[in-house]
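Notes for the one structure printed next.
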Amino acid sequence: MELAGSAHAPETASAGDVDPDEPIEVTIVVRRQRPLPPYSDFAYRPRAPTTRVPRAEFARRHGASDEDLDQVRAFAREFELKLAERTPSPRSLMLSGSAKQLQWAFGTTLRRYRSPRGSYRGPAGPLTVPVSLAQVVTAVLGLDDRPVAVPHVRIPSTTPSSSFTPPQVAGLYGFPAQLDGSGQTIALVELGGGFASADLAAYFEGLGIPAPSVTAVSVDGGANQPGANPNTDAEVMLDIEVAGSVAPGARIVVYFAPNTDQGFIDAVSTAVHATEAPSDVVSISWGGPETSWTSQAAHTMLEFVSDAAALGVSVTAAAGDNGATDGASGGQLEVDLPACLPPVLGCGGTRLSVSGSTISNEVVWNELASGDGATGGGVSRIFPLPSYQSAAKVPPQPNTQFVGRGVPDVSGNADPLTGYAVRVDGKDLVVGGTSAVAPLWAALIARLNQALGRSLGMFQPAIYAAGEVPFRDILSGNNGYWSAGPGWDPCTGLGSPKGASLLNVLGPA
């Protein structure tokens with residue numbers, strides 16, 4: 001039977017068949033043995049107990065059943081596929097074989113395609129699975145290896161008008177003092193690039209801050225590989241240096257994976273379900289237009305960030321750096337995935353102006369005229385309006401009139417012309433992008449967790465209910481289509497944080 005949502009139209013004409021002996025590894029995602037309650041059931045509740053699934057019991061309750069996993073193992077044996085020992089989640093299996101074997105197993109033809117982003121492999125049509133597995137397997141990832149995301153970091157094309165260290169930005173936003181994220185683990189998801197320990201040591205020494213603990217984890221063969229691409233290195237270093245300098249007491253774990261839907265999803269699911277260093281916050285600075293994803297990949301990512309909500313893990317994601325279109329072809333209005341997933345805290349961007357040690361002005365980041373980007377934001381075409389946005393006056397998606405999830409939820413300084421001072425590949429740079437906002441909010445969450453003595457997890461309902469008190473409402477600017485205004489808007493969400501006020505609103509249990 002056809003595997004629902006597995007078709008992915010090629011970007012260009014075929015450039016030929018794949019080598020039948022090419023080795024390929026795929027991730028098979030299996031249904032839950034018991035449905036997971038809606039993510040909203042696990043939302044943080046200020047001054048009251050919050051429902052969570054104990055990490056030690058998650059697999060038993062909501063992982064795959066032994067019977068379903070055995071069926072997939074039998075399928076692997078039938079088609080002479082190898083079973084890998086590692087698994088990114090309690091309901092995934094990794095199978096490997098030659099292109100010929102996998103084409104036979106999933107009833108498809110694999111071809112090579114050329115695109116502006118490079119050559120990639122992809123199936124010519126939807127995948128199929130045996131009837132016995134039609135209700136068991138929910139996704140097959142890895143046959144299509146096209147790049148699924150871009151890093152949301154911006155290197156300015158001209159000399160910035162001003163710049164800030166991440167701790168300076170945290171101070172301007174009033175992050176609660178005397179907190180450093182101790183006891184917390186921040187996971188960073190990276191789909192390329194790398195970091196050099198010498199650069200990190202020099203950077204933190206220059207700030208006069210103890211260097212945090214930073215560990216690299218390989219997912220699906222991804223690795224810490226600095227030096228190959230300055231842009232992706234800038235992404236990785238920005239994430240580490242923002243999170244690590246604002247929450248230097250936190251442990252930083254960097255999950256490196258290939259830039260494919262398989263790699264991206266496996267990295268997120270591995271970070272969410274980590275056992276050696278369980279994540280408290282997962283920060284994601286990569287993404288792509290939601291309609292560029294296959295349905296099976298988009299909904300599988302949704303399931304794993306829903307796992308995060310159930311486990312009390314917060315997930316932050318950059319809203320994109322290409323304005324209201326998110327860089328989509330044809331100029332249609334798009335939002336970025338994973339920022340558009342309802343359990344994820346979508347992070348938009350502003351331009352920050354300062355007088356002395358206080359903020360004098362803050363507007364929507366929009367430097368499209370100079371080619372220096374603009375914050376993403378808008379309304380989802382796929383994911384419906386979450387209940388926590390019911391009073392936010394999110395407009396319908398203009399092209400479809402769908403009443404969808406509004407993006408972003410929150411914002412922070414992202415304009416590369418008022419960017420962040422970082423160190424990349426031995427050089428001091430100023431960079432921006434909503435990539436900076438996701439780890440900034442992740443570090444704030446780590447500080448808040450430390451102060452509260454418990455994890456915020458998915459806390460969007462609490463901040464939407466809080467009103468304007470814990471936010472600096474952004475009232476001016478646009479992202480190429482949407483304009484800022486009082487309250488929530490599709491450029492900067494609820495606004496930029498007033499950290500101490502946010503802590504008071506969330507309060508102790």
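What follows draws every value from the coordinates through simple rules; no lab data is involved. Quantities reported herein were computed from a predicted structural model and do not represent experimental measurements. A quick note on method: Cβ atoms are made from the backbone with ideal geometry, for glycine too, and the neighbour counts reach across all protein chains shown.
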- Message: Report for the chain the percent antiparallel among DSSP-assigned beta bridges with both residues inside it, nearest 5.
- Response: 60 percent
- Add -39500 (n - 2.57) for each DSSP H run of 4 or more in the chain, then divide by its residues: what number comes out at 222 nm, to the nearest 500 deg cm²/dmol? -7500 deg cm²/dmol
- Cβ crowding within 10 Å averaged over residues, with 91-104, 218-231 ranked highest first: 91-104, 218-231
- Item | Charge sum, other residues only, whose C-beta stays under 9 Å from GLY193's C-beta, Lys/Arg counted +1 and Asp/Glu -1 | -3
- Message: Students often forget the sequence filter, so: which lysines lie under 18 Å Cα-Cα from LYS82 once same-chain residues fewer than 8 apart are removed?
- Response: LYS100
- Based on the mean of other beta carbon atoms within 10 Å per residue, what is the order of 257-264, 239-246, 75-82, most packed first? 239-246, 257-264, 75-82
- Among 438-450, 365-377, what's the highest-first ranking by average C-beta atoms within 10 angstrom per residue? 438-450, 365-377
- Query: Once you have the alpha carbon radius of gyration of the stretch 150-506, what is it after dividing by 2.2 N^0.38 Å, with N set to its residue count?
  - Reply: 0.87
- For the stretch 389-457 versus the stretch 163-210, the gap between their alpha-carbon centres in whole angstrom: 15 Å
- Normalise the Cα radius of gyration of the stretch 216-281 by 2.2 N^0.38 Å (N = residues in it) and let me know the number. 1.13
- Note on the structure: With no solvent term and unit scatterers on the alpha-carbon positions of the stretch 14-141, Debye gives log₁₀ I(q)/I(0) at q = 0.09, 0.14, 0.15, 0.23 Å⁻¹ of -0.36, -0.72, -0.79, -1.34
- Task: Could you state the angle between the C-alpha long axis of helix 197-207 and the longest principal axis of the C-alpha atoms of the chain, as a value from 0 to 90 degrees rounded to the nearest 10?
- Result: 20 degrees
- Identify the residues of the stretch 363-384 with backbone N under 16 Å of a label point that sits 7 angstrom from the Cα of ASP473 along the Cα-to-Cβ direction, or state none. 363-364
- May I ask which residue of ALA309, TYR173, ALA196 lies farthest towards the positive end of the charge dipole of the stretch 150-506, with charges of +1 (Lys, Arg) and -1 (Asp, Glu) on Cβ and the Cα centre as origin? TYR173
- Can you list the residues, at least 5 places off or on another chain, whose amide H is less than 5 Å from the amide H of THR138, using H built in the peptide plane? VAL29, VAL30, ARG31
- Query: Under a 5 Å amide H to amide H cut-off, with H placed in plane at 1.01 Å, what residues pair with ASN413 once short-range neighbours are removed?
  - Reply: THR350
- Item | At 1.306 mPa s and 10 °C, Stokes D of the stretch 282-352 from Kirkwood alpha-carbon radius, µm² per second | 127 µm²/s
- Name the lysines eligible as straight-distance cross-link partners of LYS393: C-alpha to C-alpha under 24 Å, and not fewer than 8 places from it in the same chain. LYS498
- Hey, got the dipole for the stretch 14-141? About the Cα centre, +1 on K and R Cβ, -1 on D and E Cβ, debye to the nearest 20? 760 debye
